[in-house]
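The values are calculated or read from the model by the stated rules, or taken from the named source; none is laboratory data. Every value quoted in this text rests on a predicted model; they were computed, and no experiment measured them. The area values use the complete protein model at the heavy-atom level, side chains included, leaving out ligands, DNA and RNA. Shrake-Rupley method; radii C 1.70, N 1.55, O 1.52, S 1.80 Å.
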Amino acid sequence: MRLAKSDPLMFGSSLADVFRAPAYDCRVLGQEQKPEFAVTRLHSGPREMEKAPQYPADNAILICVSLTPSAVGQWRARYDGREVGVTRAIPFATTYIDLNCPMEMWVRGPFDYLHYYLSRDLLERIALDNAVAPSFQLQEVFFVEDLVVAQMTKNILSRVKHGEPLDRLALDQTATVLGAHTLQAHCGAPRFAVAPRHGLEPWQKLRTEEMLRAHLEGNITIKEIAAACSLSASHFGRCFRLSFGTSVHQRLIQLRIEHAKSMLSQTKRTLVEIASLAGFCDQAAFTRTFSRIEHMTPSRWRRVNSDGQESADDVLQSVVAG
């Protein structure tokens, strides 16, 4: 999403202006002008060290991940009155800053950053959902190793690399997990409530499946499904995993594949049509996901499940395609 240059918050075009980065991409969750969560990627080629414009104060936390190791001295700042910067070059170095704290920043290129914007409203809601006091103070860190954030970032980059959109459900799940991790790892929040002993009630499981099947493209949030089940988002997520043994987004992918298999075996629709009707962005994403889960291409699966056998040529073609 490309947002107007007048947007004052630290995501999208406003973030690109601060870093003087002409190339950026942004996805938001919530109202476009004031989202709860946003993901922005910034690119810049080689350039001399220069002072960046001061960013506007905001009730939010910004998590910056350096996708390529930043050299010592490539970035420095005066944050809340103290000097900070890059102390060692490590992959996926992660920085947490409170956007209410004043900061002067100097940057040189090249760089490639992924930024997560988390509003305080989002963090407070996650805290309350987990019976934790919503008053918290971020412990800022700069260019440190954070394995949770690194893995989440790798998952996002894998989808982006293959041209797959970050749907609302995927963004919502990322926001929830990242928010909980931030509260516990960098805000001193106590351990969250233990997992419930029982999963979703039968009617809640049915309602959840109905809503996911009706939104195979992922244009729905965990909060919306939880509300339909009369649960908070966090409690719903814990109950869901206990009932289904997986996350909400992974269950959505399973339902996409189930729907696709039904069409493959019972209709003569093309793979392009099936991909679209099953909620995938295109045939390539459908084939890639289907092959990963079923260990064969959709075409081969259709042949096997149409007549129960396939020729040696079919097998060879599948191996080459795989």
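Here are a few things to note about the model shown:
- Solvent exposure, largest accessible area first (probe 1.4 Å, DNA, RNA and ligands not counted), of Ser306, Ser158: Ser306, Ser158
- Using the Karplus relation 6.51 cos²θ - 1.76 cosθ + 1.60 with θ = phi - 60°, the per-residue 3J(HN,Hα) values for the range 40-49 come to 10, 10, 10, 10, 8, x, x, 6, 6, 4 Hz, with x marking Gly and Pro.
- Other-chain or far-sequence residues with amide H under 5 Å of Asp146's (modelled H): Thr94
- GNM flexibility winner over the chain from Leu114, Leu157, Leu171 (Cα, springs under 10 Å): Leu157
- Remark: the range 87-98, residue by residue, has Karplus-estimated 3J(HN,Hα) of 9, 7, 8, 9, x, 6, 4, 10, 10, 10, 9, 8 Hz, where x stands for each Gly or Pro and the curve is 6.51 cos²θ - 1.76 cosθ + 1.60 at θ = phi - 60°.
- Whichever aspartates and glutamates have a C-alpha closer than 19 Å to that of Lys223, once near sequence neighbours (fewer than 8 apart) are set aside: Glu32, Glu36, Asp121, Glu124, Asp129, Asp167, Asp172, Glu201, Glu209, Glu210
- Centroid-to-centroid, using Cα positions, the range 20-39 and the range 55-83 are 18 Å apart.
- Additional length obtainable on full extension of the chain from Ala71 to Val148, 0.36 nm per residue less Cα span: 25.5 nm
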